[in-house]
Amino acid sequence: MKQFGKLGEKLLAVAKRNYLMIGYIVASVLCELTGVAVTAGRFYMTQPWLYLTFLALTCLVSLYLKGHAGKYILFVTALAGNFIIDMMFIIVFDSTGTIFDFAMLNLRSDAMIIVESVPISFTYVLVTGIIIALYCTLGWKLRKSMPSSDVNRTSAIATSCLLALVLGADAMLIYFGNYRYSANDLSYRLYQTETGTYSNKGMIGNFANELARGYWFSEIDVGDRNELADFIYAETTDETDYTGIAKDYNVVTVLCESFEWFTFLLDADHYPNGYAKQMFGDDARTEEDLVKALHQLYPNLYRFYESKSTVILNNSHSLEKTDISENKAIIGNYPLYVYINYEYPRNSLPYSMPNMLKGLYGVESKSFHDGYRTFYNRNIHHENALGFESYTATEDMDVEGDDTGLGERNLDSEMMEACKTEMFPTDRRFNTFITTITQHGQYAYRDNLKPYYDKMDELGILPYVKDDEDGNAFRYYCAAGMDLDKAIGIMLDYLEENNLSDNTLITIYGDHNSYYQGISNYAKDIYSYKTDDYTDLYRVPVMMKVGNHNFGGEHMVINKFTCVADIYPTILDLLGIKGFRNLMYGVSAFSQESSVLYSRAYDKFLTDKIYFNTLSNIIYSADSVDEEYIEEIEQKCLTLLDKISHVNRLFADNYFAGRETDYFARLKAINGIE
């Protein structure tokens, strides 16, 4: 008993000399877990080891310091660093919904435009602010009353040994956490235990791991190039009932930033907080009255939507960022763990839509965007890897150029008016890709949209309501959609006036849901994974107008699951061009098959019925999902991951450089072109 008593006295003495360290550990853990909680909704970490080594390193360094004042400064500095790093990643998460990965470092020059308004987590700042303030106050008071630390040669040697041990353990944790990672075989991603959130390693741990993985574990082994060639050319796309109905047509593809169906559709079932909300209350409107008013606000979107020549992909989803949605519609695939606009902007990609149309038919392609020329490195990527003859950005247009990146946005209508003659030439066949920006968040009052607010007020649609933050953000979003509508009208009018409408295939699609300020959540009333129709959160518009083709007196509706990766093969199908299907992540919307979406940005798999990042972590599944469906999805995911692993190799090796002639010889052969 005496021995236990003496041990207790010694431990108490040690504790008294290290109140600052103990307090730091408690404060740091609480701050880190608060950060995890506000992003992942869980107040714990399943793999905290890297984070704990960070704590251990700070504590061991403090043992070299004799005075408590020095230790106090060290611990306060460490807490401040912890707070800043966590706050930075929380801002990124709140703005984009994604956790940090190494490839994000390429986006640092575009960070302010991507992040937009720097949303601050009130919960995190309040809780951690109180914790750090308490530590600073109590630590400052305790530092003088604490017994002096016993720093001698023996303790210094012991501390150094422990420090070396912790550093070694840190290195081992990073190594064994990543050595099995292979960019060439991605099947493990379907079965891993990672959840794709900070609840695994925490923010500090994830940051350290991503840096290590990016620098030391991301090399791609190109491997056997003969096997790669065999895989690329193994299968060709199948014909459908609509193959070639747009043969020899011009091609126009319009990526509409943050465009959603609720921009112009009522659809009370899918969007209860959209326009349908005005069907209730003291100033209730009838459904007929609302639909009539919406036709006045969005005449051109309805003109496109209701055309007998239009195909509606009514169950299409996107869980991507703009650059990835853009690339998937142009090349049909995207590698993992990199942003190709930065990593591979000069690769040879003969299978891109511009390169294929030029290589097969001599068609020139041009790209337009009313945002900054260098944003997402498009000025290099589009004219090199993607094969556009030119890339025209706002600096090259005869427009006012209000886009600051933090509020005002350029007007799509001004871009379309200024560039229409170049976009849609009358003397040759053309392929034009247009990326809009007006509906990009944030959503607040904009002077250049005032005429649209006035028109909404005139018709009594979405009036401004004081202290209704969500409703007013929705109003501003929809007003921005009215300018997109105007731009679409300018395009349609010009094509009709110049006899181009009947032989032009036009695709209009939303790059992703409108996640800024939670507009999509609000309009769809979806806030939880437990919602019956959770995957509808990522349901976005895809409309394809096929010249003057008549689909039976009214637009054609396809209700099977599709995603942004299906746009590229669908356009090729309509044009009557066979391609190599292992280069495509999706399938034609007209085929009997359906695809599965894997989001490189969010590390999630998705269909309209299921949402998960591994099969051991299925986040949402519809009531109709059974074992047979899961087995079907598992096989589709494995096939997709195999394609992604080969695409990783293709990009890393710049495989097609010097092999373009062989590619086009094979492409012409399967298409019967001499």
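Odds and ends about this structure:
- Verdict on TYR494 being touching a residue at least 60 places away in the same chain (Cβ under 8 Å) and farther than 30 Å from ALA246 by Cβ: no
- Some residue of segment 76-98 being among the hydroxyl-bearing types (Ser, Thr, Tyr) and open to solvent by 20 Å² or more (accessible area, probe 1.4 Å): yes
Every residue, every condition in (1) within 30 Å of ALA229 (Cβ to Cβ); (2) open to solvent by 40 Å² or more (accessible area, probe 1.4 Å); (3) more than 25 Å from the chain's Cα centre (by Cα), yes or no:
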position: ARG600; (1), (2), (3): yes, no, no
position: LYS609; (1), (2), (3): no, yes, no
position: VAL625; (1), (2), (3): no, no, yes
position: GLU628; (1), (2), (3): no, yes, yes
position: LEU650; (1), (2), (3): yes, no, no
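- Candidate set from segment 524-575 (those that are under 23 Å from MET491 (Cβ atoms) and aromatic (Phe, Trp, Tyr)); member that is most open to solvent (accessible area, probe 1.4 Å): PHE551
- Of all the residues in segment 486-507, those that are surrounded by 24 or more Cβ atoms within 10 Å (Cβ to Cβ) and either of a type in the set (Gly, Ala, Ser) or closer than 24 Å to ALA276 by Cα (or both) number 1.
- Checked against (1) outside any helix (DSSP H, G or I); (2) free of Cβ contacts under 8 Å to residues at least 12 places away in the same chain; (3) within 17 Å of LEU290 (Cβ to Cβ), ASP457 passes all but condition (1).
- The single residue among ALA78, ALA37 that is under 24 Å from LEU142 (Cβ atoms) and at pLDDT 85 or above turns out to be ALA78.
- Enumerated strands (runs of 3 or more DSSP E) restricted to segment 303-397, each holding at least 1 residues that are free of Cβ contacts under 8 Å to residues at least 40 places away in the same chain and touching a strand residue (DSSP E or B) at 6+ places or on another chain (Cβ under 7 Å): 390-392
- When GLU320, GLU326 are checked against the criterion of being touching a Leu at 6+ places or on another chain (Cβ under 9 Å) and either modelled with pLDDT under 95 or among the aromatic types (Phe, Trp, Tyr) (or both), a single residue qualifies: GLU320.
- Restricting LEU7, LEU60, LEU105 to those that are modelled with pLDDT under 85, farther than 24 Å from THR197 by Cβ and open to solvent by 30 Å² or more (accessible area, probe 1.4 Å) reduces the list to LEU7.
- Within segment 201-227, residues that are open to solvent by 60 Å² or more (accessible area, probe 1.4 Å) reach partners that are assigned to a helix (DSSP H, G or I) and of a type outside the set (A, V, I, L, M, F, W, C) with beta carbons closer than 8 Å, at six or more positions or on different chains, in the pairs TRP216/ASN178; ASP221/ARG649; ARG225/ASP653.
The values are calculated or read from the model by the stated rules, or taken from the named source; none is laboratory data. Small disclaimer: the values here were computed from a predicted structure and weren't measured. Note: ideal-geometry Cβ built from the backbone for every residue, glycine included; neighbour counts use all protein chains shown. Only protein heavy atoms, including side chains, enter the accessible area calculation; ligands, DNA and RNA are left aside. Shrake-Rupley method; radii C 1.70, N 1.55, O 1.52, S 1.80 Å.
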